[in-house]
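Visitor: Before anything else, here's the structure in question.
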Amino acid sequence: MYNRPIEDLFEEFKSSKNGLTSIEANQRQKIHGYNELRDAERKSPWQIYMSQFKDFMIIVLIAAAILSGIMGDIIDTVIILVIIILNSIIGFIQEFRAERALEELQKMTVTQAKALRSNKIQIVSSKDLVPGDIVVIEAGDVVPADLRIIESHNLMIDESSLTGESIEVLKTNSTLTKTNLSVGDILNQAFKGTLVSNGRAKGLVIATGMKTEMGKIALLISSTETRTPLQIRMENFGRKLSYIILMICTILFVSGVIRGEDPYKVLLLSLSLAVAAIPEALPALINIALSNGAARLAKKQALIRNLPAVETLGSVTFICSDKTGTLTLNKMNVSDKFDASDQLKLCMSLNHDVQIDEQNQLIGESTEVALVNDVIKNDRDNYIDQHTKYPRVAEIPFDSIRKCMSTIHYFDDKILVITKGASESITPLLHTKEDALTLSQFAEEWSKEGKRVLAYGYKILDSLPEIVSPSTIECELEFAGIIGLIDPPRPEVSAAISECISAGIKPVMITGDHPETANYIARKIGLLSSSEVTITGKELEKMGDEEFYNSVEKISVYARVSPEQKLRIVKTLQKKGHYVGMTGDGVNDAPALKTANIGIAMGINGTDVSKESADLVLLDDNFATIVKAIKEGRRIYDNIRKFVKYIMTCNSAEIWTIFLAPLLGMPIPLLPIHILWINLVTDGLPALALANEKPEKDIMKKKPRPFEENLFAKGIGFHILWVGILMAGVTLGIQAWSLFHKMENWQTMVFTVLSFSQLGHVMAVRSDKTFLFQQGFFSNLPLIGAVSLTFALQLCVIYVPWFNSIFKTQPLDLYQLVICMIVSLIVFHAIEFEKWIKIKFFSNMKT
């Protein structure tokens, strides 16, 4: 398209400089579809729902339900199936909400476009554009489709979102003669999703939707998802648990048959044991905990696209962050100024292409906007008067070879020439060597501090030259002054960097900016220390894989890096065993975002493709939000560990109780419906409330947990074993005592003691290190409410006749109830005593 005359393209697209009619546009939209990027094979609601039944524990429960039905126990079958359906509905709702949240975010990114329809400008939704439309773009607009430029007036476009190049591109409407050009070299086209930073233009729409350059890249991105640590741990956990369940049930059944017991009763016992071993509520609890965490993160400006990624945040060891807009404000400010003459302010007022819109906002290239802001912040009226008094008569636009621009103004009865540009461009144009030396000294000093340097020169002529060209205008200039600009760090970033480092997470800056600028910002926010390294993209390109592998952990700043090199950085860190969080906003960042353990896209400046590839979208583009998300991720994982610890200890107690009772010569202590009640209500409600536990005070002073660490590390496995045996011992003790005293309601007492013991257990496991009275009894009100409700429901099971018939329970007298409550407190006090032993004798133990 770029090397064909525009007249040929008008003929091909059956269009003209007057644009299409509305009727023609509507007809073409039926053929070409909407001008939007399609989602990457998003699951249908039905697929999301059916995926909830893949978990092995759910499959075992379904088998248990079928077996119960065959054996004639319809109540148990119905209860198990209700549990399965409730679990699947909860999981579906959470995953579906996450998908809908992203869709809403994408709707926010739909822009408006100015299309020429029947030779009249109409404001239309960008998604309604079709090939053949004529579109008008100007400074501040996002290019709505791929365009071949027809008319151009100093049009400059920021294509970093597409090419990764941070330098703005000056566009032309000329036909290019070369062939096989890369996207970055096609100067007569504007591409969908890029930003117009200066000037204005008209363009012919040559591609929309997935046929645009952005759409082509979107199609290349793999839809394969990286599994999170939690998914891997839960898969391992489910597999190991299934082996244990099958082994125990087989041993129990075979040994019972060998002893000559009724096969039906032994099968019932084995089924009870299988139900006891399966934490039915665990998948739903984890989904709810992750969903609640995602909701809390959304309030902190972090949108989670993939629920398990909430927990992955707690495993991150490296955060690779872009500089502009994430670590900095993405707003250039004048930081330094040297007035070489009294004309500098006037030069800054007149030499630029910034416009003021209807809302009195400045529209234009970011550096020029910063310069004008500095001029008008104290005297806006004088700025407007100067433009009226000294109107522009001619100009020489900026180009990438000269690296400067000149504007020419009437100046009373003379002509004022103002030239602005890079210091190295202005230096040779100055009239005196002394001025050139002064300019060079300031430029060198400020550049080392990471500042962007612009210099001004001027001269006054008696009349306008006949030929206005760089050779006649940009020479023999007086030195007006020099300006230093910088995109300052976000105020909150330094504290966030410090928190990362104390949490054992290494923050790394990856930017397309110059190394001096990158180093200045990195040192200012505490990211770069004297022992750490900065390298450029060129240096990285020269490094072999082995050399980079050995150096990657020491590098804190990557400057002038391409998006392709981001992918290499991620993969090398992962080979080193690190969990990597990677930020990005451009289309070319998408592969790195997809490959990273946590891909983090920018919600404000990010492209649709980058958001689609990411696990986390920052709605405020702020690095400090990433740190908040990591803290929340660690809190969620800690709380998941707490309710895994709680639920599995309770299930362990149930297994020991059922397994040991026949060996001790006692009848089966619990019915399957009792176990289901305990697992769903007594375990489920308090475990759900554990997700609301506040983070431990030292949560951001711990190192990230190792990837290979399982859910039972750091003493949890031992806790599950010994507390499970203790709880079973207490339960079997009450069974033996009630049988000895020939109490008819002995099974109800066993059921009650086991239920109440678990309530005491949940109050004790709220913290691994802090006693209940120290952390505050009411610091987690949802848990207090859940324990109170569960206690009340258990009393209903004991005393309400309707429940008695369903659960086959019998009322307890006051003496029996008090005995059950006192005995149940043994478990709570034992766990509090365990904390005292840890503090007293193992205070240095990692927890």
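Visitor: Got a sec? Charge dipole of the chain, +1 on Cβ for Lys and Arg, -1 for Asp and Glu; which of Ser51, Ser270, Ile62 is way out at the positive end?
Guide: Ser270
Visitor: For q values of 0.11, 0.12, 0.22, 0.27 Å⁻¹, compute log₁₀ I(q)/I(0) with the Debye formula on a Cα-only model of segment 123-190, without solvent.
Guide: Cα-only, vacuum Debye calculation for segment 123-190: -0.27, -0.32, -1.08, -1.43.
Visitor: Here's another thing I want to ask about it. So if the hydrodynamic radius of segment 296-346 is defined as the Kirkwood radius over C-alpha pairs, what does Stokes-Einstein give as its diffusion coefficient at 25 °C and 0.890 mPa s, in µm² per second?
Guide: Translational D for this selection: 158 µm²/s.
Visitor: On alpha-carbon atoms, Rg over Rh for segment 639-747 using Kirkwood Rh?
Guide: 1.09
Visitor: Each label point is 7 Å from the Cα along the Cα-to-Cβ direction; what then is the distance between the points at Glu476 and Phe718, in nm?
Guide: Between Glu476 and Phe718, the label points sit 8.9 nm apart.
Visitor: From the convex hull of the Cα coordinates of segment 358-487, what is the mean projected area in square nanometres?
Guide: Its average projected convex-hull area is 9.1 nm².
Visitor: Keeping all protein chains in place, calculate the accessible area per residue for the chain (probe 1.4 angstrom), answer in Å².
Guide: The answer is 44 Å² per residue.
Visitor: Going by average Cβ density within 10 Å per residue, which order do the peptides 550-563, 523-536 take, highest to lowest?
Guide: 550-563, 523-536
Visitor: So what's the back-of-envelope 222 nm ellipticity for the chain, counting only DSSP H runs of four-plus at -39500 (n - 2.57) apiece and dividing by all residues, rounded to 500? Please list the in-between numbers first.
Guide: On the way: 33 runs with 419 residues, N = 847.
Value at 222 nm, helices only: -15500 deg cm²/dmol.
Visitor: What fraction, in whole percent, of alpha-carbon pairs in segment 609-671 exceed 18 Å separation? Mind showing how you got there, number by number?
Guide: Values: 1231 of 1953 pairs.
I get 63 percent for the Cα pairs in segment 609-671 exceeding 18 Å.
Visitor: Now for a different question. Only helices at least 20 Å long along their axis, Cα-based, and averaging 1.6 or more on Kyte-Doolittle count here, so list those DSSP H runs from the chain.
Guide: Helix filter hits for the chain: 56-70, 263-277, 716-740, 781-799.
Visitor: In vacuo Debye scattering of segment 737-813, one point per C-alpha: log10 I(q)/I(0) at q = 0.14 Å⁻¹?
Guide: Calculated log10 I(q)/I(0) at the listed q: -0.57.
Visitor: At q = 0.15, 0.21 Å⁻¹, what is the base-10 log of I(q)/I(0) for segment 349-405 according to the Debye formula with one equal point scatterer per Cα and no solvent? Please give it to two decimals.
Guide: Log10 of I(q)/I(0), two decimals: -0.48, -0.90.
Visitor: Stokes-Einstein at 25 °C, 0.890 mPa s, Kirkwood radius from Cα pairs: D for the chain in µm² s⁻¹?
Guide: Estimated via Stokes-Einstein, D reaches 78 µm²/s.
Visitor: Please go through segment 119-184 and write out the trypsin sites (Lys or Arg not before Pro) that DSSP classes as loop and that have at most 12 other C-beta atoms within 10 Å.
Guide: Values: sites: Lys120, Lys127, Arg148, Lys171, Lys178; in loops: Lys171, Lys178.
The qualifying sites are Lys178.
Visitor: For the chain, with only Lys/Arg (+1) and Asp/Glu (-1) charged at the beta-carbon, what is the dipole magnitude about the Cα centre, in debye rounded to 20? Provide the component values of the computation, followed by the final result.
Guide: On the way: 88 positive and 95 negative charges, 614 e Å.
With only Lys, Arg, Asp and Glu charged at Cβ, the dipole is about 2960 debye.
Visitor: How high is the FRET efficiency between Leu181 and Asn18 when r is their beta carbon distance and R₀ equals 30 Å, given to the nearest 0.05?
Guide: Computed FRET efficiency for Leu181 and Asn18 comes out at 0.50.
Visitor: Shifting gears a bit: Starting at the first residue of segment 330-347, write each ³J(HN,Hα) from the Karplus equation 6.51 cos²θ - 1.76 cosθ + 1.60 with θ = phi - 60°, in whole Hz, x for Gly and Pro.
Guide: Running phi through 6.51 cos²θ - 1.76 cosθ + 1.60 with θ = phi - 60° gives 6, 8, 5, 10, 6, 9, 9, 8, 10, 8, 8, 8, 7, 9, 4, 4, 5, 4 Hz.
Visitor: I'd like the carbon and sulfur percentage of the solvent accessible area for the chain, probe radius 1.4 Å, heavy atoms only, ligands and nucleic acids excluded. Mind showing how you got there, number by number?
Guide: Values: 21910 of 37520 Å².
After summing per-atom areas, the C and S share lands at 58 percent.
Visitor: Count neighbours as other Cβ atoms within 10 Å of each site's Cβ, and list the GluC sites (Glu not before Pro) in segment 462-522 that are DSSP loop with at most 10 such neighbours.
Guide: Glu466
Visitor: Next question. May I ask you to derive the FRET efficiency for Glu564 and Lys538 from their Cβ-Cβ distance with R0 = 22 Å, giving the value to the nearest 0.05? Mind dumping the intermediate values first?
Guide: Values: r = 13 Å, r/R0 = 0.61.
Plugging the Cβ-Cβ distance into 1/(1 + (r/R0)^6) gives 0.95.
Visitor: Give me the distance in nm between label points sitting 7 Å out from Cα along the Cα-to-Cβ direction at Ile70 and Thr432, one decimal.
Guide: Roughly 10.3 nm, to one decimal.
Visitor: Moving on. Using a 1.4 Å probe and ignoring any ligands, DNA or RNA, find the accessible area of His32 and quote it in Å² to the nearest 10.
Guide: Approximately 80 Å² of His32 is accessible to the 1.4 Å probe.
Visitor: Stretched out fully, how many nm does the piece from Val800 to Arg4 gain, at 0.36 nm a residue minus the Cα gap?
Guide: Length gained, Val800 through Arg4: 278.0 nm.
Visitor: Can you tell me, using C-alpha contacts under 8 Å and at least 6 residues apart, the relative contact order of the chain as a whole percent? Please report the intermediate quantities before stating the final value.
Guide: Details: 1515 pairs, mean separation 103.7, N = 847.
It comes to 12 percent, rounded to a whole number.
Visitor: Using modelled backbone amide H atoms (1.01 Å from N, in-plane), which distant-in-sequence or interchain residues come within less than 5 Å of Ile510's amide H?
Guide: Result for Ile510 returns Ser321, Asp322, Lys323, Tyr558.
Visitor: Please label the shape of segment 570-637 as rounded, prolate or oblate, based on the square roots a ≥ b ≥ c of the eigenvalues of the alpha-carbon gyration tensor (a/c under 1.5 means rounded; beyond that, a/b larger than b/c means prolate, else oblate).
Guide: oblate
Visitor: Can you list the HN-Hα couplings for segment 485-490, worked out from phi with the Karplus curve (6.51, -1.76, 1.60; θ = phi - 60°), rounded to whole Hz and with x for Gly and Pro?
Guide: Calculated HN-Hα couplings, in order: 10, 8, 8, x, x, 5 Hz.
Visitor: Then there is this: Using heavy-atom solvent-accessible surface (probe 1.4 Å) with all chains present, what is the largest-first order of Asp73, Asp322? Before the final figure, lay out the partial values.
Guide: Numbers: Asp73 50, Asp322 30 Å².
From most exposed to least exposed: Asp73, Asp322.
Visitor: For segment 768-812, what percent of Cα pairs sit more than 17 Å apart?
Guide: It works out to 51 percent of all Cα pairs.
Visitor: Over the alpha-carbon set of segment 411-463, work out the extent along each principal axis and list the three values in angstrom, largest first.
Guide: 42, 21, 14
Visitor: Can you figure out the FRET efficiency of Tyr815 with Ser502, using R₀ = 60 Å and their beta-carbon distance, to the nearest 0.05?
Guide: Calculated transfer efficiency: 0.60.
The values are calculated or read from the model by the stated rules, or taken from the named source; none is laboratory data. Everything quoted here is computed from the prediction, not taken from an experiment. Methodologically, a virtual Cβ is constructed for each residue, glycine included, from the backbone with ideal geometry; neighbour enumeration extends over all protein chains shown. In case anyone asks, the SASA skips ligands and DNA or RNA and just uses the protein heavy atoms, side chains included. Shrake-Rupley method; radii C 1.70, N 1.55, O 1.52, S 1.80 Å.
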